[in-house]
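This is the structure, below, for whatever I ask next.
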Number of protein chains: 2
Amino acid sequence: MGMVFADISMSLDGFSAGSNDGPANPLGDHGTRIHQWFFGLDNEPGHAADSRVMDEVTSRTGAVILGRRMFENGLVPWSGVNPWAAPAFVLAHEPRDPLIVDGQIQFTFVYNGIESALDQARSVAGDRDVIIAGGANIVQQFIRSGLLDEVQIHIVPVLLGAGIRLFDQLDARQGELECVRVVESPSVTHLKYRIVR
Amino acid sequence: MGMVFADISMSLDGFSAGSNDGPANPLGDHGTRIHQWFFGLDNEPGHAADSRVMDEVTSRTGAVILGRRMFENGLVPWSGVNPWAAPAFVLAHEPRDPLIVDGQIQFTFVYNGIESALDQARSVAGDRDVIIAGGANIVQQFIRSGLLDEVQIHIVPVLLGAGIRLFDQLDARQGELECVRVVESPSVTHLKYRIVR
């Protein structure tokens with residue numbers, strides 16, 4: 001069975017999205033400053049290290065879990081199509097049929113909690129890992145529940161000042177982490193941590 | 001003239017001290033988890049990289065500025081003696097005579113604002129740099145004022161959950177940073193940023 005890991009970008013002051021996010025403002029005010037390194041992967045020079053880090057994430061990912069808010073904000077930018085190369089499960093508040101585009105299931109909705117979502121994700125992931133893609137609230141739920149094995153934070157050299165904090169509403173019982181790898185690039189520092197239980 | 005730089009430890013979730021800090025609880029609840037790497041410098045194996053980073057800070061420091069709260073919380077652990085190898089200026093709310101121990105000035109108090117403190121610190125620092133030692137509130141004041149040239153963050157692999165956030169009450173105008181160096185060690189990641197204006 002694979003691991004459960006979260007992979008998410010964060011400003012140096014701790015935000016994973018800006019304020020006032022919504023379908024018309026998917027990353028929130030100034031939120032593109034946090035995530036632009038990711039969208040520039042294929043275009044900018046000097047970012048080979050970023051590409052390697054993200055290729056590694058893609059190759060280990062057997063299934064994706066994301067929150068309803070991330071799904072709703074992403075739907076227009078993604079044109080309704082799952083942007084990952086693995087099945088995606090959306091945590092929802094009520095039952096809902098899968099979203100199908102061109103005859104393919106793009107997103108499956110799970111309304112009975114994160115453990116059920118993880119069971120379903122694991123059932124399709126095989127030996128590969130389940131990635132918790134965000135947003136912040138979902139990452140926090142997985143940390144609090146003790147279900148997360150690893151977290152990779154892409155620390156972006158920006159002070160956003162306001163927005164959605166990646167790590168919030170946790171407490172000291174969530175314990176120690178162990179930094180298992182650091183990768184530098186011109187635009188972002190990739191820090192991978194194992195959660196010590 | 002030297003640079004103005006801040007040097008401070010931060011938990012991965014953004015705290016530089018725990019909750020309920022005070023003279024009887026200098027680093028706040030669980031705050032030693034953020035700073036223990038620093039106090040273990042001379043004792044633990046595998047921390048040569050940490051020592052090199054801190055030696056570099058010591059050698060570039062010509063004067064130190066710290067906040068009143070950090071001073072009051074530190075006074076007992078420091079036995080009233082300036083723990084830095086350079087003159088220390090404390091931001092105070094009213095005029096106060098220097099603190100003298102064994103005939104030596106340990107701390108000088110500045111009550112008329114951060115720019116005055118910086119002028120006084122620069123006047124003794126010569127070609128060396130002025131370090132903003134903390135706490136969080138003072139670092140924020142220097143960032144907001146545009147007086148800070150560099151910030152070195154020691155990111156500790158701990159989720160504290162509550163306490164004093166290092167970066168708070170800033171806004172997006174504080175702008176971009178440029179990561180100029182990353183140093184890994186077993187217990188902490190040292191990230192040095194230049195502030196881009």
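Tell me the strands (runs of 3 or more DSSP E) entirely within the stretch B:131-197 that contain at least 2 residues that are on the phi < 0 side of the Ramachandran plot, more than 7 Å from every other protein chain (Cβ to nearest Cβ) and surrounded by fewer than 19 Cβ atoms within 10 Å (Cβ to Cβ).
B:177-184
Taking the stretch A:1-10 on its own, how many of its residues are hydrophobic (A, V, I, L, M, F, W, C) and not in a strand (DSSP E or B)?
Final tally of qualifying residues: 2.
B:Phe39: of a type outside the set (D, E, K, R) and more than 14 Å from chain A (Cβ to nearest Cβ), yes or no?
Considered against the rule, which asks whether it is of a type outside the set (D, E, K, R) and more than 14 Å from chain A (Cβ to nearest Cβ), B:Phe39 comes out as yes.
Condition (residue is in contact with a Gly (Cβ under 6 Å, 6 or more places away or on another chain) and either farther than 28 Å from B:Gln169 by Cβ or aliphatic (A, V, I, L, M) (or both)) applied to the stretch B:141-152: is it met by at least one residue?
No, the stretch B:141-152 has no match at all.
Here is a follow-up. Looking at the stretch B:46-60, I want the residues that are within 16 Å of B:Arg181 (Cβ to Cβ) and have a partner that is part of a helix (DSSP H, G or I) and not polar (S, T, N, Q) with Cβ atoms under 7 Å, at least 6 apart or on another chain. Which pairs are those?
Partner pairs satisfying both residue conditions: B:Asp50/B:Trp37.
Then there's this: For the stretch A:11-20, does any single residue satisfy the condition of being among the hydrophobic types (A, V, I, L, M, F, W, C), assigned to a loop (DSSP other than H, G, I, E, B) and crowded, with 22+ Cβ neighbours inside 10 Å?
yes
Something else now. Kindly indicate which of B:Gln152, B:Gln174 is among the polar types (S, T, N, Q), in contact (Cβ under 8 Å) with a residue 40 or more places away in the chain and closer than 30 Å to A:Leu191 by Cβ.
The match here is B:Gln152.
How many residues does the stretch A:97-109 hold that are crowded, with 18+ Cβ neighbours inside 10 Å and of a type outside the set (Val, Ile, Thr)?
The total comes to 4.
Here's something else I'd like to know. Out of the strands (runs of 3 or more DSSP E) lying entirely within the stretch B:23-123, which hold 1 or more residues that are more than 24 Å from B:Asn137 (Cβ to Cβ)?
The strands (runs of 3 or more DSSP E) meeting that bar are B:99-101, B:104-110.
Further question on the same structure: If you check B:Asn82 against the conditions, is it more than 24 Å from B:Met1 (Cα to Cα), of a type in the set (S, T, N, Q) and touching a residue at least 12 places away in the same chain (Cβ under 8 Å)?
Considered against the rule, which asks whether it is more than 24 Å from B:Met1 (Cα to Cα), of a type in the set (S, T, N, Q) and touching a residue at least 12 places away in the same chain (Cβ under 8 Å), B:Asn82 comes out as no.
Considering the stretch B:74-96 alone, what residues qualify as being on the phi > 0 side of the Ramachandran plot and surrounded by 13 or more Cβ atoms within 10 Å (Cβ to Cβ)?
Hit for the stretch B:74-96 is B:Gly80, nothing else.
Read the figures in this text as sums done on the coordinates, not as results from a lab. What you see is a predicted model; the values in this text were computed from it and never measured. So basically every Cβ, Gly included, is an ideal-geometry build from the backbone, and we count neighbours across all protein chains shown.
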